[in-house]
Every structure is written in C-alpha cells, then in structure tokens.
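Notes to accompany the following structure.
The values are calculated or read from the model by the stated rules, or taken from the named source; none is laboratory data. As the structure is a prediction and not an experimental result, all values here were calculated from the model. Here Cβ is always computed from backbone atoms with ideal geometry, including for glycine, and neighbour counts include all displayed protein chains.
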C-alpha cells in the first residue's frame, strides 16, 4: 500500500476529506485492481469500481460528460437515455476495452449479478502505448475477474496500479488517484468521492495548490524516449469516476460530471485536442428506485437544484486532489518505448515554499 500521498507532502487542498480520502468513503463503493508488469513490454491492467459492491442487480442513477471526446466509454448511450448504471465500471487501456467489457458481461451472467437479461457494462480507457505495448493485448479475462472479485472498501492503492499502471501525467509518471470530500451537516452531510485514471497534460501546465510547478521543475526530471514523443501530437486522456451518497437524479449527476472539468483545470490542463477527457458520476442513494410499486410508481428523494453548489464544490476539489495523488503515489518506470520519472517530491515542496504555499 502506498503510504505517501499529496497531503503527506504538506500540499494544501480545499475542503474536508472523508475517513480514507478515497471514493470508497461513499458507503458501499468498492474498488478492485489487476496489475500486469511483465518483461519490458507489459505495463497495464484493470481497475474495477462497484457502485454498490457486488450488488449489481440494484442499479444506480448516473450521468456522463465528455469534456473532450477523443476516447471511449462503452455503455454511455444508455446512461444518457435511461439515466441508469446497471453494473460495475471498468478502467483499462485503449486496446483492452473489448476484452474488459466482455469479461464483465461473463462475470455478471455467471454470478447472476445483473438487473435484466442483457448487460451493458461501462468500460473506459486511456492510452498507455508508450510504457506499455498495447498491441501485445496483455489484459486477459482472468485479470478482469481478479479485479472484479478483489474489490474492497476502505483505503485503496494509488499510482502505478490497475488500469493506471502504464499511464503518464504532465510528463511525469501518472496512474490511479483518488480523493473524497465530506460536506458539513448544514449542506447535507453527503460524501463525494473521485477516482481518476490520469494520462494527460504537458509539463509546463502542471499546477499544484495554485503554484505553476511544472514551469520550474528541472529538465532532467523528464522521460527518455526511444520511440515517438508522447506529447508530440496530443495530451493523452483523463477518466474520472465520481460517486456520491447525495440523492441526485441523472440530469443532476450529469451536471456533477461536468464539474470534473474544473478540477482538471485546477491542476493546469487546457484539455488538449487529442485528450479523451470523459467523466462519469453516480449516486448510491435511492436503493430499489427501479422496482415499481402500485401503478408502476416508485418513491425517490433528490436534492433540489438550489442546494447543489456544495456538491459541485466537493466534486471539483476531490477531482483536483485525486489527480495530484496519482502523481505523488507513482514511481519511476521503464517501459516499452520510454522511461519516465516520478514527480520529484522534494522539489515540489521547495517550490510550494518559494511561492508561499508551505511554511
């Protein structure tokens, strides 16, 4: 388990985190991983998020937002149309979306963890093609099953793990990061958690706690390239999954997903043309909302729009910290075409001190 996180470096963030400062602070949410590191070519894996643990036959309301659509998330048409997420969410590399999707369907059928006869999993991707040889198709069915079955609550790992294993962020080693915010009771007391798979951004844009650290970090802390420069044509991608126990309807969750863009921006990104920045938000409130009562009616609760701002704020701040956590937790990696350095912790601290953000 990675012990160093952004707050452990003293980096100041807005808002109050939950117990684990993770998406798993939202009651019922579990996260599982399968990490593949083999030889010099395989640097990849799978991340699974269960909105209600393994109780996949009870859908959750959900919304999705594509900030920049150079990417793929399967099953989003039904979220847009029906507002429902009916199973787990998978995160992996671009060339493994199909095998992850098919394995989730098989797992749901085998365990009878499905809402209806057909399954439509949500599987998202970012491209790890420089540290990982995506054409090697290293992600297999058994890796997906491992991530599905190992999912747990509580503290979860970050950095080069699961789907984030071979990812880069702001020209440093990136990967998987998570964070959460607990709203005060006067604002509902809800929890908002975010999990990010980071593979985006140019170094000169990197901003931490309002400080443009990317412009000041020494040049030797950079990758060594034997193939194409990963930033020559695009900025990579970012997938963020937001979970909350606030009772929100699908159109409100789509609004929450849009706010992820602002958390991304707080870390410096402009959202490049080649970046697949796609965000999903779900609510674990309103269990059994899809089970009809008399005349096909069901009773649900929802936060009124005038009280959504604290949830929007929590989403922005949790996203920002999740992205920085993915950088802080990652370590140097040598891979398929390049070697990439981790974010230099001491140098970041010195820069934050220089700009008055640390004492």
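A few remarks follow.
- Scanning region 291-306 for residues that are within 20 Å of residue 245 (Cβ to Cβ), at pLDDT 90 or above and part of a loop (DSSP other than H, G, I, E, B) turns up 298, 299, 300, 301, 302, 303, 304.
- Test: residue in region 232-249 that is touching a strand residue (DSSP E or B) at 6+ places or on another chain (Cβ under 7 Å), modelled with pLDDT of 95 or more and within 18 Å of residue 11 (Cβ to Cβ): no
- Number of positions in region 170-185 that are assigned to a strand (DSSP E or B) and closer than 15 Å to residue 44 by Cα: 3
- Selection within region 86-99 - within 22 Å of residue 254 (Cα to Cα) and part of a strand (DSSP E or B): 89, 90, 91
- Failed condition for residue 343, given (1) buried (at least 24 other Cβ atoms within 10 Å of the Cβ); (2) part of a helix (DSSP H, G or I); (3) over 15 Å from the mean Cα position of the chain (by Cα): (2)
- Sole exception among (1) more than 21 Å from residue 176 (Cβ to Cβ); (2) under 16 Å from the mean Cα position of the chain (by Cα) for residue 78, by number: (2)
- Residues of region 30-49 classified as farther than 18 Å from residue 158 by Cβ and touching a strand residue (DSSP E or B) at 6+ places or on another chain (Cβ under 6 Å), total: 1
- Sole exception among (1) assigned to a loop (DSSP other than H, G, I, E, B); (2) in contact with a strand residue (DSSP E or B) (Cβ under 6 Å, 6 or more places away or on another chain) for residue 288, by number: (2)
- Qualifying residue in region 157-169 (condition: at positive phi and touching a residue at least 60 places away in the same chain (Cβ under 8 Å)): yes
- Region 144-158, subset within 11 Å of residue 178 (Cβ to Cβ) and in contact with a strand residue (DSSP E or B) (Cβ under 9 Å, 6 or more places away or on another chain), residue surrounded by the most Cβ atoms within 10 Å (Cβ to Cβ): 158
- Residue that is nearest to residue 354 (Cα to Cα), among those in region 3-17 that are within 17 Å of the chain's Cα centre (by Cα) and assigned to a loop (DSSP other than H, G, I, E, B): 5
- A count restricted to region 239-258 and to residues that are under 18 Å from residue 322 (Cα atoms) and surrounded by 24 or more Cβ atoms within 10 Å (Cβ to Cβ) stands at 8.
- In the set (1) part of a helix (DSSP H, G or I); (2) over 21 Å from residue 5 (Cβ atoms); (3) in contact with a strand residue (DSSP E or B) (Cβ under 8 Å, 6 or more places away or on another chain), residue 324 fails one condition alone, (2).
- Within region 309-324, residues that are more than 21 Å from residue 64 (Cβ to Cβ) have Cβ atoms under 6 Å from residues that are modelled with pLDDT of 95 or more and assigned to a helix (DSSP H, G or I) in these pairs: 310/187; 324/6, counting only partners at least 6 apart in sequence or on another chain.
- Residue in region 54-64 that is closer than 30 Å to residue 332 by Cβ, under 21 Å from the mean Cα position of the chain (by Cα), at pLDDT 95 or above and buried (at least 21 other Cβ atoms within 10 Å of the Cβ) present: no
- Among the residues making up region 260-286, those that are surrounded by fewer than 24 Cβ atoms within 10 Å (Cβ to Cβ), more than 18 Å from residue 122 (Cβ to Cβ) and at pLDDT 95 or above are 261, 262, 265, 266, 268, 285, 286.
- Some residue of region 113-124 being crowded, with 17+ Cβ neighbours inside 10 Å, in contact (Cβ under 8 Å) with a residue 12 or more places away in the chain, under 22 Å from residue 330 (Cα atoms) and under 20 Å from the mean Cα position of the chain (by Cα): yes
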